[in-house]
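This report refers to the structure that appears directly beneath it.
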Amino acid sequence: MSLQRVCLVHYHEIGLKGHNRSQFEKRLVSNIKALLHAYPLEKIKRISGRICLFLDPEATYETACEIADHIAGVPGVARVSSGYRCEQDIEIMKDTAVKALHDVESFETFKVAARRNHTDFPIDSMELNQIVGAVLCRSFPEKKVKMKNPDVTVHVEVIEGHTYIYARSIAGIGGLPVGTAGKAVCLMSSGIDSPVACWKIARRGAVCIGVHFSGRPETVDTSEYLVDDIGHVLEKTGCFAKLYIAPIGSYQRMIAEMAPPPLRIVMYRRFMYQIAEKIALLEGAKALVTGESLGQVASQTMDNLLVTNASVSLPIYRPLIGSDKIDIINEAQALGTFEISSQDAPDCCTLYMPRNPETHAKLERVEAIEAELPFDEWIQEVLDSLEVRRYACPSYREPKQSEKA
């Protein structure tokens, strides 16, 4: 049997699941397979608590690295290792270990971690460590062996009639596979916070459906293009399925004309939440998600959040509620959305801002004002004018009855 390049996908949290563990594993396999459809893969198989990607014979080292780097950002993946599958022949195993360590671009110290899953192989783990370690010391005389916290670990694993040897390993983002927690509708601005909130809920297994409230026709549509760019960033990890564009500028103008100025922002938020809930019900989503952080702006005080919560019956998840702005910026930079979100774009949040917004709104007063406005009529008009953009999300399923799908 010739040497074959493989990528081993390690997961952590999935391994803690009980009887439904296989469902999480199958979902992760399905997501990875869909996201790697353009790469030269021979097959994908679950082995010994990992997922193994077998690359086609013509696959190069660069291709293997590209695959590993790509799936490291897929929710559910804790680590990705690039290496080889070879025969259970000690001479072949030694040569393969040398080749695997050559794959690591830069290191000063290393160690060997051997594991024998089946006792039909005559050499035990401790002896295998010594044999392979001796060969690597001769092959890399300028490098040092370090048993605690080395720069790189050469793994030699004897599993199911073959040996898997790898040294290049990169961290994944962890979490749970997208599609294991149902759908969530994420309120998406073109700002920094909401993409991060969407990403955090996706890492917990949710399929994310965005809704962007545009200030059009009262503002230009720049924010819509920026949110679409953000959607394509999220799409790379397979977590973002759809983006609903809801132009509400005209309705914000009418709210501004008919509601007390200090309560405009709260009224806007309630209007948007109710539209988002209608979209969620259409999609079969179980929750709304926002990028709000406690006390960050006037609409995000405890009192105002309570008032806006009361406008819908679905739960509202706020993954960033206790986050510092600097932490959110760092996460946006890691996600790859920060540069997009840093571009100037007028959106619905900046329309008709009052000079002194209310920070302690009272639910009874807000509901009394809202009762005087034709919210139901306006909401239906917005729903009738929705625009939909679609993205590649392997776990997304169209609702059975979708008027806008």
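All of the numbers you see were taken from the coordinates with simple rules; none came from a lab. A quick note: this is a predicted structure, and the numbers were derived from the prediction, not measured. Because the Cβ atoms are built from the backbone with ideal geometry, glycine has one as well, and the counts that use them run over all protein chains shown.
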Requested in this report: Rounded to the nearest Å, what's the spacing between the alpha carbon centres of segment 104-131 and segment 58-76? Just the number, please.
Outcome: 24
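Can you say what percent of the DSSP beta bridges in segment 183-390, counting only those with both residues inside, are antiparallel? Round to 5. Can you show the working numbers first?
On the way: 4 of 20 bridges.
If we restrict to bridges inside segment 183-390, about 20 percent are antiparallel.
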Query raised in the report: Around THR290, what is the net charge, scoring Lys/Arg as +1 and Asp/Glu as -1 over all other residues with Cβ under 11 Å from its Cβ?
Result: 0
Query raised in the report: How large is Rg over Rh for segment 62-176, taking Rg from the Cα atoms and Rh as the Kirkwood inverse mean of 1/r across Cα pairs?
Result: 0.98
Report task. Just order 288-299, 123-134 by mean Cβ neighbour count inside 10 Å, highest at the front, would you? Result -> 288-299, 123-134
Report summary line: If every Lys and Arg gets +1 and every Asp and Glu gets -1 at its Cβ, then about the Cα centre segment 183-390 yields a dipole, in debye to the nearest 20, of 600
**Report entry** Unit charges at the beta carbon, dipole of the chain: most positive-side option, GLY205, ILE279, CYS137
**Finding:** CYS137
Requested in this report: Multiply the residue gap between GLN333 and ASP69 by 0.36 nm, knock off their C-alpha separation, and tell me the result in nm, one decimal place.
Outcome: 93.3 nm
Requested in this report: Using a Förster distance of 35 angstrom, determine the FRET efficiency expected from the C-beta separation of GLU13 and ARG389, and round it to 0.05.
Outcome: 0.65
Report summary line: Counting only residues 5 or more apart in sequence or on a different chain, those whose built amide H sits under 5 Å from that of LYS183 are VAL207, LYS286
Query raised in the report: Using the Cβ atoms and a cut-off under 9 Å, what net charge is assigned to the surroundings of ALA181, where Lys and Arg are +1 and Asp and Glu are -1?
Result: +3
Query raised in the report: If you place +1 on the Cβ of every Lys and Arg and -1 on the Cβ of every Asp and Glu, how big does the dipole about the Cα centre of the chain come out, in debye to the nearest 20?
Result: 1300
Report summary line: Between the residues VAL29, GLY18, ILE51, the Cα farthest towards the positive end of the dipole of segment 7-51, that dipole coming from +1 and -1 charges on the beta-carbon of Lys, Arg, Asp and Glu, is from GLY18
Report summary line: Relative contact order as a percentage, the chain, C-alpha pairs under 8 Å and 6+ apart, gives 17
Report summary line: In the neighbourhood of SER395 defined by beta carbon distances under 11 Å, the net charge of the other residues (Lys, Arg +1; Asp, Glu -1) is +3
Query raised in the report: Given +1 on the Cβ of Lys and Arg, -1 on the Cβ of Asp and Glu, and no further charges, what dipole in debye does segment 4-174 carry about its Cα centre, rounded to the nearest 20?
Result: 660
Report task. With Rg and Dmax of the Cα atoms in Å defined as stated, name the option among (1) 21.9, 70; (2) 26.1, 84; (3) 30.9, 99 computed from the structure displayed. Result -> (2)
